[in-house]
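Since every read-out is calculated from the coordinates, none of them should be taken as a lab result. All of these numbers come straight from a predicted model, not from anything done at the bench. Because the Cβ atoms are built from the backbone with ideal geometry, glycine has one as well, and the counts that use them run over all protein chains shown.
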Amino acid sequence: MALTLAAGMSLTGCKADTEPRLEKPTEFHLNTPAMANQTFVLTANDGVDLTVSQPNYGLGVVPNYETQVSFTEDFASYESVEGLSQQASFTVNGENLSQALCKLMGYVSNETQDKFSADPRTVYFRVRSFIANCDYSDILSNVIPLTIAPYPAVKLPARIYLIGDVQGWDINASTFILEEAADAVESNIYYGTFELTHDQANAGFRFYKTLGEWGDNDGNLPSIGSNANDGDNASVQMENGVYNGACVYGKGNWNITNWDGGKMKMTVNLQTMKVTFEAAE
């Protein structure tokens with residue numbers, strides 16, 4: 001009951017013509033952890049424990065605490081760590097913190113993995129306190145430095161690979177990549193656009209989730225094809241420049257017989273087990 005009342009008061013108390021009214025806080029302190037002189041080695045289960053002194057809002061409200069991190073004390077560039085707390089003592093989740101630090105490093109895609117470093121480094125912390133729906137309730141704490149060793153926790157778009165005549169049926173080559181959209185990580189939907197001649201499209205292709213092994217016919221194949229069995233290929237035709245069909249975990253190839261050549265956009269949806277091949281600009 002107390003929390004419900006506090007939340008209701010925070011909504012009405014933020015208006016200039018209502019009483020009681022929230023006060024704009026002027027002080028907010030983030031305490032230095034007792035282990036501050038040691039290195040915090042982050043894992044999915046090991047984060048950083050922080051404590052704050054609650055700002056004086058003049059009412060019995062429960063604020064939200066948002067942790068922010070930067071590599072510079074002036075916070076010229078910073079990231080907010082996912083996950084809010086409403087407790088004055090809380091743990092900053094190790095995975096969420098590592099994700100924020102990876103973003104600060106510039107490690108945000110498969111192409112920028114070289115920007116990541118697991119070496120311990122100084123990370124500056126501050127906490128933002130705020131009441132929902134009340135802009136003037138925002139206040140930032142003081143800044144404290146801690147030594148943090150992150151890990152590569154960024155959720156990157158997953159990839160599958162086109163294997164076929166176009167790349168010489170090389171099971172080790174990652175030349176033709178289909179990738180999830182950056183804003184749809186873990187969607188299990190993959191996109192790629194490739195230049196294919198008529199002969200390359202007609203000669204056959206399939207997709208692989210991993211490289212290096214063709215896989216056995218044991219029901220646990222890394223390959224995605226038109227049919228389950230190797231050699232059970234599907235000769236298909238596009239209609240108005242588009243082919244839509246089903247896919248399975250298997251080794252059957254697609255052979256597109258009426259492709260004139262050019263750029264082809266491929267979509268492989270492993271949620272619905274459907275594929276789309278279409279002409280692209």
**Study point:** Any cysteine of the chain lacking a neighbouring Cys Cβ under 4.7 Å - listed by number
**Key:** CYS102, CYS247
Review point. Which percent, nearest 5, of DSSP beta bridges in segment 165-281 are antiparallel?
Key: 90 percent
Review point. Where does helix 94-105 land angle-wise versus the long Cα axis of the chain, in degrees 0 to 90, nearest 10?
Key: 80 degrees
Review point. Can you give me the Cα centroid spacing of segment 252-280 and segment 82-159 in angstrom?
Key: 40 Å
Revision key, fill the gap. The helix 2-12 Cα axis meets the longest alpha-carbon principal axis of the chain at an angle in degrees, between 0 and 90 and rounded to 10, of 90 degrees
Study note, to complete from the structure: Rh_Kirkwood(segment 121-261) over Cα pairs, Å, one decimal, evaluates to 18.7 Å
Study note, to complete from the structure: Interchain or sequence-distant (5+) residues whose placed amide H lies within less than 5 Å of the amide H of ASP138 are ILE131
Practice item. Apply the Karplus parameterisation 6.51 cos²θ - 1.76 cosθ + 1.60, with θ equal to phi minus 60°, to every residue of segment 153-170 and state each ³J(HN,Hα) to the nearest whole Hz, in sequence, with x for glycine and proline. Key: 9, 5, 8, 9, x, 6, 10, 10, 10, 7, 10, x, 4, 4, 10, x, 6, 9
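Grab the DSSP H runs of the chain that are 4 residues or longer, score each as -39,500 (n - 2.57), total them, divide by all residues and round the 222 nm result to the nearest 500 deg cm²/dmol.
Values: 3 runs with 29 residues, N = 281.
Calculated at 222 nm, the ellipticity per residue is -3000 deg cm²/dmol.
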**Study point:** Cα-centre dipole for segment 99-257 with unit charges at Cβ (Lys and Arg positive, Asp and Glu negative), debye to 20
**Key:** 760 debye
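Looking at the square roots a ≥ b ≥ c of the eigenvalues of the Cα gyration tensor of the chain, which shape do they give, rounded for a/c under 1.5, prolate if a/b is larger than b/c, or oblate?
Values: a/c = 3.38, a/b = 2.35, b/c = 1.44.
Since a/c reaches 1.5 and a/b is larger than b/c, the shape of the chain is classed as prolate.
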Exercise for review: Could I have the simple spin-label model distance between ILE177 and ASN142, label points 7 Å from Cα toward Cβ, reported in nm to one decimal?
Suggested key: 4.6 nm
Practice item. Could you list which residues have their amide H under 5 Å from that of PHE125, counting only those 5 or more apart in sequence or on another chain, with H placed in the peptide plane? Key: ILE144, LEU146
Check your understanding: Cα extents of segment 18-71 along the three principal axes, largest first, in whole Å?
Key -> 48, 22, 21
**Study point:** Restricting segment 91-156 to trypsin sites (Lys or Arg not before Pro) in coil, as DSSP defines it, with at most 14 other Cβ within 10 Å
**Key:** LYS155
Revision key, fill the gap. Heads up, segment 161-225 by the C-alpha gyration tensor (a ≥ b ≥ c square roots of eigenvalues; a/c under 1.5 rounded, else a/b over b/c prolate, else oblate) looks oblate
Study note, to complete from the structure: Listed residues ASN133, ASN244, ASN142; largest mean-square fluctuation, Gaussian network over the chain with Cα springs below 10 Å, found at ASN133
Check your understanding: When only alpha-carbon atoms count, how far does segment 10-149 stretch along each of its three principal axes, as whole angstroms with the largest first?
Key -> 55, 34, 27
